[in-house]
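Every number here is computed from the coordinates shown, using simple stated rules; none is lab data. Computed from a prediction, not measured in an experiment: that's the story for all the values here. Cβ placement follows ideal geometry from the backbone for every residue including glycine, while neighbour counts extend to all protein chains displayed.
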């Protein structure tokens, strides 16, 4: 999946052909619906500013390991997100699961 804005370079036949050659699907929001891209843009802004900017990786494997650590260990488990009420995504998910489990037990 390749998500982009509606820029002409992303909507071009050449881009579509390149994505198809990689077995990827293009994803664009409808015209005037740029807000659907906001969470993705926010994430990549955080990734670049908090981790990648100014970093040089000796190997691709070191870059992958560092990005995995940032996303899975820090971003999802410890970093608090304003859109989630200043809790981490993992805590948000745990709260959601607990709430719905409690509702299921009350309904049973």
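Laid out as a table, the results:
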| item | result |
| --- | --- |
| Folded to 0 to 90 degrees: helix 89-107 orientation relative to the chain principal axis, Cα | 50 |
| The chain: C-alpha gyration tensor shape, a/c 1.5 cut-off, then a/b vs b/c | oblate |
| Shape category assigned to the range 46-94 from the gyration tensor of Cα positions, a/c cut at 1.5 | oblate |
| Gained length - residue 52 relative to residue 98, 0.36 nm times residue gap less alpha-carbon distance | 13.1 nm |
| Helix-only [θ]222 nm of the chain, DSSP H runs n ≥ 4, -39500 (n - 2.57) each, per residue, nearest 500 | -14000 deg cm²/dmol |
| The chain, relative contact order [Cα under 8 Å, separation at least 6], % | 15 |
| Helix 38-47 vs. the chain, principal-axis angle (Cα, 0 to 90°, nearest 10) | 80 |
| Residue 107 versus residue 73: modelled label distance in nm, points set 7 Å from Cα along the beta carbon direction | 3.9 |
